[in-house]
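The values are calculated or read from the model by the stated rules, or taken from the named source; none is laboratory data. Quick caveat: nothing in here was measured; it's all calculated off a predicted structure. FYI the Cβ positions are ideal-geometry reconstructions off the backbone, even for glycines, and counts take in every protein chain you see.
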Amino acid sequence: MNGATLFGLCGAGLIGLGLYGLICHPGALRKVLAFNLIGSGVFLLFGAIARRGGGVLSSAGTGIDSDPVPQALVITGLVVAFAATAIAVALLLRLAETTGRTTLDPNGSDPAPPAGRKEA
Amino acid sequence: MPLYPLVSGLLTGLVDLGGTLLVIPLMLPVTGLLLILAIGGRYAGRIVLALLPLGLAAAAAVVAAVWETGDALSYQLGGWTPRLGVALKADGLSAVLLLTSAIVILAVGVYAQRPFRVPQGLSETRTSLVFWLLFCGVWGGLNLVFVSQDLFNLFVALELLTFSAVPLVSLDGRGETIAAALRYLLFALLGSVLYLLGAVLFYGTYGTLDIALLADQIARVNPLPAAVIAAAALMTAGLLAKTALFPLHLWLPPAHAGAPPAASALLSALVVKASFFLILRIWFDLMPVLLTQMGAQVLGALGVAAILYGGLLALRQGRLKLLVAYSTLAQLGYLFLVFPLAIGPGAARSASLVAAPGVLTGGMLQLVSHAFAKAAMFMAAGMIAAALGQDQIRKLAGIGRALPITVLAFGIGGLALTGLLPSGAYLAKTLLDGAAAESGQWWWSLAMQAGGLLTAAYLIRVFYHALSGFGEPPVLRARPARYQELVVLGLALCSILLGLLPSAMLALPELGRVAAVVTETP
Amino acid sequence: MTISLVVDIGLALVVLSLALWIIAATTVYRAVIGFIVYGLLLAIVWVRLGAADVALTEAALGGGLTGLLLLGAAARLSHHECVPVFGRPAAGPVVGFRLLVGILCTLIAAGLAAVVLLLPEPAPSLASEVASNLPATGVGNPVTAVLLAYRAIDTLLEAVVLVPAMIGVWSLATDQGWSGRPGFLTPARRTSALTLLAQVLPPVGIVFGIHLFWIGADHPGGKFQAAVVLAAMWALVLLAGLREPPRVGSPPLRLAVVVGPLVFIGIGVSGIWLADAFLAYPAGYAKPMILAIEAVLTLSITVALVFLLAGPPAADRSADGRR
């Protein structure tokens, strides 16, 4: 067992914990937190794979001790996850402002008919 | 200037570009998006209008190129090798979807000119800028999903689609649509993260994210390693959440019904099909051996559940837009029948998948026909709702006389969905029924018949109310523009006349795809 | 059992227990605080995994900016609700459902753990190919080479993806509020400590950010990390009330957001003629082009990140503070 595998297992645990939070927490902000947890778990798993891929080379002295491709992809993924969190936060704050609710109605209420003033 | 030589010259020039042609569908919407933000709200609609014919030309050129050579169009971005760089590839399947989305996007882009124009005296409105920008985002995301060959690139494409589609749902700012958008976002994000996890596991096992290279490596391995099975399961589950297959469908009806009509058309016709397309890619191209497993039967069973559930709930809806949204749920179920039916005749399970060619074509016909019909139906329903000020089905009396072209378009779209000759859906059902009979899986045919009955039932309900009303014509708050009605009618006609395509063209979805040899795992 | 393995085990255990805290915390506020600490610890984990670029990004973006976003959200939610942020949460699903989901998630985590343990040895990797192609790109940092040369399309699209996200946040304004200023980063009250911090730190931060961008070509760093640091400095200035948030209609800022991706696309298209492929660089000019792209992208991503943090525009307050 080396460090990479250990952190890979850690990532697996984070994904499980995050999934639980995403499904079970009623509040939208807690769900967003849980989504970020799942995301970081997936990235950690990717990082563990990167480390395993680099191990061979570091001993060969190329100066790269972790596969760069997953690292680049994780950086891209982090930015995308931040953007997703920003949209989710803006949506849930607007929902709270407009309806006073901070949870998604579990019955999935259907939207009311439009006011009808707008044109097609 | 004569139009035909100009157009054919343009197309020939585009086809001669070879693989570089694939860059155009990718970069055109993206450039449009950036220009709209830079130049500002007044000209947003006109910028899009200028780009739409170019997009259609590029998509048509891709179809022509694939058709002529009989092989897929490929391109290496940056000139790097496939292992290191990202490849683009358009085979027959991609070409069909590129063209379909270009046509639907053209129609929606023309239709939406009126509701999202900026009134005189204002430099910009919120809805106008947001709609046109996100319209380009959806367009770009769709094209990228259809041509990219790299699993992580596809993840970014899915995120582009999600970020563009979600704010369209909450565009009118009401509480219900914001809740619908938030629920859509959460489902979509769950789907994305599961998809990414699957891609990570593929990389961990084979060190590459290119679909062709992965397929090559997976085909040589028997039995499949646990990581690969887990990856396929996770990616499929994530994409199912994005395609709203039963039981992960909760987000779709409020989201598609709450969005403005032009956006609903895009969402129902195209956005949900993008994630379905990726499931096709994974099951047919990446790991065809999956088709011989129980998983294919599970997908088919979920498809049947969607057909029945969506159809039954559509019958119970009081509002027109919600009925159309539940109809989307049901129609998506048909698409998943291609998985269990793709296996050839039972005796020849180890034969090549080309033994069941009609299945993929049938699935594509269903998809394209539904895209045209559903976009027409949503836009028509939007015009009806705007004209009457509400869209309760019971109160539609007299609208058939007041807005004949609109109701005609809605009706033709609906008839096309039920599978009336010569619509694409009729041809699709024939092909799928044939495949079911050949492989001895008669129960899928039964499900399709039941679905057809339910579709006819809820449509008859709408027609009954819309075409009734012999008294006073209803007071219309707003008349749709003539060009809007004609565009929607044209789209509906595309759907119902799809079956008239020459049968040689039906081979298009199969072009450029490597015939996989499927051996059943012990 | 070497010392480094012991450290790794310790780190992993702390990270997992923080994650448990985040899920199990009774109030949103506590969960968000836990998340910020979690983000910073993850950065250390990334250093242990040998990924310095990712560690920088995780610390700044994952821990810093995301934490700022969520903390602000938690604070604003406390104004609106039925469920006090500092009090007990709303009733969730019943215990039976939670148990079922808990078992399911444990199974999934266990399955993934098994998959991790069964990953192939020797591990497949693209590191050798990256290394052998590195001289052609002219940069010394392999992660930068992947981001801007081999997989440039991903970076381009990622910069483009920020635009719909930003528009999505803007779209949640009311029609009247569209011409106003974004409201999430407005200060609740001015404190002297915050004002001092916002006057002293940003110049240092800006220099640090530019340095991060410049060295990113050959050492860990680059435009994402630089952009995050610059955006954080700008957010700090806004939070302290030293400057007002920019209006969304501001033409120079909109131009700043699009100039990065547009220049990138332009260079990419020129690559079709100069280097035979879209997004290819002509031989010998790779490094200057990469630096140029990174420079404009840093600007674009900084502005986009600030707008993402700043929220939808809200109607201007009238003189007496009412909207």
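Quick notes
- Just one of the numbered conditions (1) part of a helix (DSSP H, G or I); (2) closer than 27 Å to residue C:146 by Cβ is not true of residue C:279: (1).
- Among the numbered conditions (1) modelled with pLDDT of 90 or more; (2) outside any helix (DSSP H, G or I), the only one that residue C:301 does not meet is (2).
- Here residue B:228 meets the list (1) more than 8 Å from chain C (Cβ to nearest Cβ); (2) under 27 Å from residue A:96 (Cβ atoms) almost entirely, failing just condition (2).
- Checking each residue in the range C:213-231 for being within 12 Å of another protein chain (Cβ to nearest Cβ) and aliphatic (A, V, I, L, M) picks out C:227, C:228, C:231.
- Of the candidates C:121, C:158, the single residue that is touching a Lys or Arg at 6+ places or on another chain (Cβ under 9 Å) and closer than 30 Å to residue B:202 by Cβ is C:121.
- Taking the criterion of being within 11 Å of chain C (Cβ to nearest Cβ), farther than 23 Å from residue B:277 by Cα and touching a residue at least 60 places away in the same chain (Cβ under 8 Å), the residues of the range B:154-176 that qualify are B:170, B:171, B:172.
- Hey, residue A:15 modelled with pLDDT of 95 or more and not small (Gly, Ala, Ser) or not: yes
- Odd one out for residue B:12 among (1) out of contact with any Gly (no Cβ under 6 Å at 6 or more places or on another chain); (2) assigned to a helix (DSSP H, G or I); (3) modelled with pLDDT of 90 or more: (3)
- For the criterion of being of a type in the set (A, V, I, L, M) and in contact (Cβ under 8 Å) with a residue 24 or more places away in the chain, residue B:185 fails.
- Of the residues making up the range A:20-31, those that are facing chain C (nearest Cβ under 7 Å) and under 21 Å from residue B:179 (Cα atoms) are A:21, A:23, A:24, A:25, A:26, A:27, A:29, A:30.
- Test set (1) within 8 Å of another protein chain (Cβ to nearest Cβ); (2) touching a strand residue (DSSP E or B) at 6+ places or on another chain (Cβ under 6 Å) - residue B:127 fails condition number: (2)
- Residue among B:406, B:418 that alone is buried (at least 19 other Cβ atoms within 10 Å of the Cβ) and within 14 Å of another protein chain (Cβ to nearest Cβ): B:406
- On the stretch given as the range C:105-128, residues that are farther than 10 Å from residue B:227 by Cβ, assigned to a loop (DSSP other than H, G, I, E, B) and more than 7 Å from chain A (Cβ to nearest Cβ) total 1.
- Only one entry in B:15, B:23 is within 19 Å of residue B:69 (Cβ to Cβ), in contact with a Phe, Trp or Tyr (Cβ under 6 Å, 6 or more places away or on another chain) and assigned by TED's automatic domain parsing to the domain that holds residue B:122, namely B:23.
- Filter result for the condition that a residue is in contact (Cβ under 8 Å) with a residue 60 or more places away in the chain and at positive phi, over B:32, B:70, B:45, B:78: B:70
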